[in-house]
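Below is one structure, written out as structure tokens; the observations come after it.
The values are calculated or read from the model by the stated rules, or taken from the named source; none is laboratory data. Small disclaimer: the values here were computed from a predicted structure and weren't measured. Positions of Cβ are backbone-derived with ideal geometry, glycine not excepted, and every protein chain shown enters the neighbour counts. Just so you know, the surface numbers come from the protein's heavy atoms only, side chains and all, with ligands and any DNA or RNA stripped out. Shrake-Rupley method; radii C 1.70, N 1.55, O 1.52, S 1.80 Å.
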Amino acid sequence: MQGFDLGTVLRPELGELAAYVPDLGEYAVRLDANEAPPVLSAAARERLAHEAVVAWERYPDPTARELRRAVACRCGVGPESVLVGVGSDEVIAALLTACVRPRGRQAATVLTTTPTFVMYRMSARVRGLEVIEVPLDAAWDLDVAGMMRAIEFASPNLVFIASPNNPTGNRMSPDRLERVIEAASGAVVVIDEAYIDYASQDQLGLYHRHPNVAILRTLSKTGFASLRVGWLIGRPELVAALDKVRLPYNVNAIAQRLATFALDELGAEMAAVTHFVCGERGRLFTELAALDGVEPWPSEANFIWIRTTRPANEVHAGLCTRGVLARSFHQRGGRLAHQLRVTVGTARENDTFLRALREVL
């Protein structure tokens, strides 16, 4: 009897991918994951603990009605324009499941930039979709000509643009973004605003002006990463279609309750987190700019993108041996071989990072 060959049933695209596994080592300071520092007040933490009461034997609200209401109020839209998910990752997966009807090609095409959030490409390839990545220009901004060529060539179903972008930290130039949206009128253009709380302005105006634009946001970057709550703002017909591929009871009851409470009652606390991080980001940028051998890039996120004269893998390894974990992009080669991303932490964590970096350099 022949043995079972798992390879005969798996998607061939899985062979080019690796599971997402962060560095789980022991470090005194972890500045690799773009989490907010632990600066929520004791009073806010006590209120959250008090609210964490649910009917344990019951499924969560399958429609996440109260959470969608709270999101809608925060974003100035109706609840029918809101889809919530387990982080923005699940919403991305829903888009890549629903909006992929082949249009003159063997498989639907997804267009994005590079470097950017890895889950656009990874989630698309897992589903057998074609992915076109257009490199950002020398200033890490949109290459409009390159994007337009890709749109004309591939007629993508979905276009993902992070703004502010991860890992570069900058918002895309509004005029360039608008030109790409107009050129991709036959696609759903998803503007990922995961870091918008740290930016000088949001881009909801693009959603209101263009029927093909949807906006992604999350609570993960403002102090509530453990809840894993993200959402999409889109036209009601898009949200209704995505709701058909959303898994039942996808957002658990505790996450729904505490995310709703945070949005309704802890706006001032989240604003305080944002204010603290932006202040530390400015201080960290100034300190980095004064060092020889590094060049920080102006950021509108809760991290700073840094070019190092030495190879980034050497600097990263030196930081690790000193108990500080940042994120290196040297594995991707090219101009990324000299790039690090460091999350803005507490004042003490930032000082520890700076001291370790000076020693490495």
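Picking from Val39, Val29, Val9, which residue would you name as being more than 30 Å from Arg355 (Cα to Cα) and β-branched (Val, Ile, Thr)? Full working, then the answer.
Numbers: Val39 fails: more than 30 Å from Arg355 (Cα to Cα); Val29 fails: more than 30 Å from Arg355 (Cα to Cα).
Going through Val39, Val29, Val9 in turn, just one is more than 30 Å from Arg355 (Cα to Cα) and β-branched (Val, Ile, Thr): Val9.
Please tell me if Leu232 is aliphatic (A, V, I, L, M), touching a strand residue (DSSP E or B) at 6+ places or on another chain (Cβ under 8 Å) and touching a residue at least 60 places away in the same chain (Cβ under 8 Å). Let's see the steps before the verdict.
Working: aliphatic (A, V, I, L, M): yes; touching a strand residue (DSSP E or B) at 6+ places or on another chain (Cβ under 8 Å): yes; touching a residue at least 60 places away in the same chain (Cβ under 8 Å): yes.
Answer is yes for this residue.
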*Scanning for something free of Cβ contacts under 8 Å to residues at least 60 places away in the same chain, in contact with a helix residue (DSSP H, G or I) (Cβ under 9 Å, 6 or more places away or on another chain) and open to solvent by less than 10 Å² (accessible area, probe 1.4 Å), does the range 98-105 turn up at least one residue?*
no
*Among residues belonging to the range 291-305 that are part of a loop (DSSP other than H, G, I, E, B) and out of contact with any Pro (no Cβ under 7 Å at 6 or more places or on another chain), point out the one that is surrounded by the fewest Cβ atoms within 10 Å (Cβ to Cβ).*
Asp292
*Which one of the conditions (1) touching a residue at least 40 places away in the same chain (Cβ under 8 Å); (2) under 20 Å from the mean Cα position of the chain (by Cα) does Glu287 fail to meet, given that it meets all the rest?*
(2)
*Those residues that are within 15 Å of Ala70 (Cβ to Cβ) and open to solvent by 20 Å² or more (accessible area, probe 1.4 Å), I need them from the range 269-288; list them, please.*
Glu269
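Go through the residues of the range 235-254 one by one and say whether even a single one is among the hydrophobic types (A, V, I, L, M, F, W, C), more than 30 Å from Leu158 (Cα to Cα) and without any contact (Cβ under 8 Å) to a residue 24 or more places away in the chain. Please lay out each step first, then the result.
Restricting attention to the range 235-254, the residues satisfying the condition of being among the hydrophobic types (A, V, I, L, M, F, W, C) are 238-242, 245, 247, 251, 253-254.
Going one step further and asking which of them are more than 30 Å from Leu158 (Cα to Cα), we end up with 253-254.
Applying the additional criterion that residues be without any contact (Cβ under 8 Å) to a residue 24 or more places away in the chain yields none.
For the range 235-254, residues among the hydrophobic types (A, V, I, L, M, F, W, C), more than 30 Å from Leu158 (Cα to Cα) and without any contact (Cβ under 8 Å) to a residue 24 or more places away in the chain: absent.
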*Going through the range 35-59 one residue at a time, which ones are touching a residue at least 24 places away in the same chain (Cβ under 8 Å) and not hydrophobic (A, V, I, L, M, F, W, C)?*
Glu35, Pro37, Pro38, Ser41, Arg47, Glu51, Arg58, Tyr59
*Does Gly76 satisfy being out of contact with any Pro (no Cβ under 6 Å at 6 or more places or on another chain), on the phi > 0 side of the Ramachandran plot and surrounded by fewer than 18 Cβ atoms within 10 Å (Cβ to Cβ)?*
yes
